[in-house]
1. Please work out the Cα center distance from the range 41-119 to the range 3-31, rounded to the nearest Å.
2. Cross-link candidates for K102: which aspartates and glutamates have Cα within less than 18 Å, leaving aside residues fewer than 8 places away along the same chain?
3. Per-residue ellipticity at 222 nm for the chain, helices alone: DSSP H runs ≥ 4 residues times -39500 (n - 2.57), over residue total, nearest 500 deg cm²/dmol?
4. Where a Cα-Cα gap under 24 Å defines reach, which lysines qualify for K116, not counting those fewer than 8 residues away within the same chain?
5. Which percent of Cα-Cα pairs in the chain sits in each 5 Å bin, short to long?
6. Report ³J(HN,Hα) in whole Hz for each residue of the range 97-106, in order, from the Karplus equation J = 6.51 cos²θ - 1.76 cosθ + 1.60 where θ = phi - 60°; Gly and Pro get x.
7. What FRET efficiency, computed as 1/(1 + (r/R0)^6) with R0 = 35 Å and r the Cβ-Cβ distance, is obtained for K102 and T65, rounded to the nearest 0.05?
8. For M34, put the label point 7 Å out on the Cα→Cβ axis and report which residues of the range 47-73 keep their amide N under 16 Å from it.
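Every number in this text was worked out from the coordinates using simple rules, so none of it is lab data. Note that the structure is predicted; figures quoted are calculated from it, not measured. Positions of Cβ are backbone-derived with ideal geometry, glycine not excepted, and every protein chain shown enters the neighbour counts.
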Amino acid sequence: MRLADIVQRGWQAVGSGDFDTLVADYVEEMTFIMPGQTDILEGKQAFRAALDGLGEILPPGFEITELRQIEGDDEVVSIVAWRSEKVAGSQLAVLFKFTGDKIYQERWFVDTEQWKSAF
């Protein structure tokens with residue numbers, strides 16, 4: 001399976017609220033770096049627990065409107081077009097780093113000022 005397919009499967013799991021399927025594609029000692037690059041979750045259990053509060057982490061009315069995957073050696077970048085109640089449309093990027101077929105790091109790149117204004 002291509003790495004981009006693994007990432008796409010994860011986005012689909014998020015969309016359906018199937019977080020256990022999502023975290024199955026991560027290594028135990030993974031890291032998740034959130035928008036702003038200062039908040040870091042370490043470990044699959046912490047990541048899974050945070051997903052239960054996903055509605056509080058994302059801006060009100062957050063919706064993905066388009067999703068593209070760009071695959072490189074041991075990494076995939078998702079280009080995410082999104083909108084929310086306060087933002088008519090924008091994009092962000094998410095970098096997924098792999099070891100074998102498992103993700104060991106997920107890092108979000110977003111316009112932090114726009115992101116803050118979306119809340």
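1. Each part reduced to its Cα centre gives a spacing of 12 Å.
2. D5, D18, D20, D25, E28, E29, E42, E71, D73, D74, E75
3. Numbers: 5 runs with 37 residues, N = 119.
Using -39500 (n - 2.57) per qualifying helix, the result is -8000 deg cm²/dmol.
4. Filter leaves K86.
5. Taking all Cα pairs of the chain, the binned fractions are 2, 11, 21, 26, 23, 12, 4, 1 percent.
6. So the J values, rounded to whole Hz, are 9, 10, 10, x, 10, 10, 7, 10, 8, 10.
7. Details: r = 29 Å, r/R0 = 0.82.
In this case the efficiency is close to 0.75.
8. 47-60, 62, by backbone N distance to the label point.
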